[in-house]
Amino acid sequence: MMFDFTAKMICNYDESKTPEKLKENYSAFLSGLISFPLNIPGTSYWKCLKGRERARKTLRNMLLERLASPEREHKDIMDFIIQEMKKDDTIVTEEIAVDLLFGLPFGANETTSSTLIFAVQYLGSHPSALAEITREHESILRNRKQKDSGITWEEYKSMSFTMMVVNETVRMGSILPSIFRKVDKDIEIKGYTIPAGWMVLVSPPAAHFNPNVHKDPHVFNPWRWQGQEPTSGSNALMGFGGGIKLCAGVDFAKLQIAIFLHHLVTKYRWEVIKGGEVVWRQSTGPIFPNGFHVRISEKTK
Ligand code: HEM
């Protein structure tokens, strides 16, 4: 659902209306992303390269089609990229445009959906947090002037507890077990020198579960973020990365999660049927080998 929605926002892509299988190609690309580089048919690496090639081809064809019929507006990210391409002093070539279009669904793939699974799990097993977030969203509905309107920007900005839940979920969920940085000048740290040119593997969970940074780090406690600026990149919360390579989709992801939780807690209740076990892989982050099965029922008014 998250992939389909994001692909629609990026390039109005609708899998049901095309024979191209963008999602399938992304999955192939992702599953071979960190694999032994043996490029012969059948290996994960080969599938990864093929997935990337096919997904880029689909996106390039869509871009070229749109460039050929500029009169139609789609109001998606591809339209913005095309506007940039047409500027006189542009640096956005066709290659860069395809890279941008390819990179965004990649960043959005499985990050937001895994975070949502964790949010549903954590809330389901912490009744006080579930009660608090439900109170926040029911109060939004109660105070809404036009009852059948969608969520407004003001309502979204008032979701302070929800943002604490997102932070806490990202802290405990740590979707990306590691991120890489290149050292551009010698760094002295605790008596060691990391020489310029080295790669450093930064581990967000090491900060997220450090008891000197977070009291009782293994406890799901959204209230620990109370009164703190809901910052996305800090030493306490590195789930969205940090610095100049901070997640480009952080605000979009938070918005998606908040909207999903709004509908979930105001309209539905759920019980876990089976699954939910998590395995962390360096290449893919968390995976749920047995899925996470819940029975959802509508709340009675
Ligand atoms: C809960 C959901 C998400 C999480 C936890 C997450 C996490 C991250 C992290 C940790 C990084 C930094 C990687 C690094 O430093 O090497 C990153 C980068 C990035 N993310 Fe996300 N992400 C999420 C959702 C999204 C979404 C929805 C999009 C796109 C719509 C997106 C697009 C990107 C892009 C383009 C980058 C690269 C930024 C750059 O290199 O300048 N992410 N994300």
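The values are calculated or read from the model by the stated rules, or taken from the named source; none is laboratory data. These numbers come from a predicted model, not from an experiment. Quick reminder, even Gly has a Cβ in these numbers, built from the backbone with ideal geometry, and neighbours come from all protein chains shown. Protein only, heavy atoms only, side chains kept; ligands, DNA and RNA dropped before computing areas. Shrake-Rupley method; radii C 1.70, N 1.55, O 1.52, S 1.80 Å.
Give me Rg/Rg_expected for segment 92-182, where Rg uses Cα atoms only and Rg_expected = 2.2 N^0.38 Å with N residues.
Values: Rg = 17.7 Å, N = 91, 2.2 N^0.38 = 12.2 Å.
Normalised Rg, Cα atoms only: 1.45.
With N denoting the number of residues in segment 187-301, provide Rg(C-alpha) divided by 2.2 N^0.38 Å, to two decimal places. Before the final figure, lay out the partial values.
Numbers: Rg = 18.6 Å, N = 115, 2.2 N^0.38 = 13.4 Å.
Against the empirical 2.2 N^0.38 Å value, I get 1.39 for segment 187-301.
Leaving out ligands and nucleic acids, note down the accessible area per residue over segment 90-235 with a 1.4 angstrom probe, in whole Å².
Result: 57 Å² of accessible area for each residue.
Size descriptors for the chain: radius of gyration and Dmax over Cα atoms are 21.3, 63 Å.
Students often get this wrong: which residues of segment 242-261 have the backbone nitrogen under 20 Å from the point 7 angstrom along Cα-to-C-beta of Ile194? What the label zone holds, given the 20 Å backbone N cut-off, is 242-247.
Can you give me the % of accessible surface on segment 111-298 that is carbon or sulfur? Probe 1.4 Å, all protein chains present, nothing else counted. About 57 percent, which is the carbon plus sulfur part of the accessible surface.
Out of the trypsin sites (Lys or Arg not before Pro) in segment 36-121, which ones are loop residues according to DSSP with at most 13 other C-beta atoms within 10 Å? Don't skip to the answer; put the middle values down first.
On the way: sites: Lys47, Lys50, Arg52, Arg54, Arg56, Lys57, Arg60, Arg66, Arg72, Lys75, Lys86, Lys87; in loops: Arg72, Lys75, Lys87.
Qualifying residues, ordered by number: Arg72, Lys75, Lys87.
For segment 127-216, what relative contact order do you get, as a whole percent, if you take Cα pairs closer than 8 Å and at least 6 residues apart? Working shown, then result.
On the way: 65 pairs, mean separation 19.3, N = 90.
The value is 21 percent.
On the beta carbon distance between Ser158 and Ile296, with R0 = 41 Å, the FRET formula returns roughly 0.95. Judged by the mean number of other Cβ atoms found within 10 Å, the most tightly packed of the peptides 169-181, 196-208 leads the ranking 169-181, 196-208. Compactness ratio for segment 2-108: Cα radius of gyration over 2.2 N^0.38 Å (N = residue count) comes to 1.13. Bridgeable aspartates and glutamates around Lys86 (alpha carbons under 20 Å apart, same-chain partners fewer than 8 residues away excluded): Glu65, Glu71, Glu73, Asp76, Glu94, Glu95, Asp99.
Would you please put 118-125, 35-42 in order of how densely packed they are, using the mean number of other Cβ atoms within 10 angstrom per residue and starting with the highest?
Details: 118-125: 19.8, 35-42: 9.4.
Highest mean packing first, the order is 118-125, 35-42.
Note: relative contact order over the chain, using C-alpha pairs below 8 Å and six or more positions apart, is 15 percent.
Between Arg144 and Glu73, the C-beta separation translates, for a Förster distance of 35 Å, into a calculated FRET efficiency of about 0.70. Annotation: peptides 271-280, 93-102, 24-33, ranked by per-residue average of other Cβ atoms within 10 Å with the highest first, follow the order 24-33, 93-102, 271-280.
Taking 0.36 nm per residue of sequence separation and removing the Cα-Cα distance, the Lys182/Asn39 pair yields an extension gain of 48.8 nm.
Given an 8 Å cut-off on Cα distances and at least 6 residues of separation, report the relative contact order of segment 1-54 as a percent.
On the way: 51 pairs, mean separation 15.7, N = 54.
It comes to 29 percent, rounded to a whole number.
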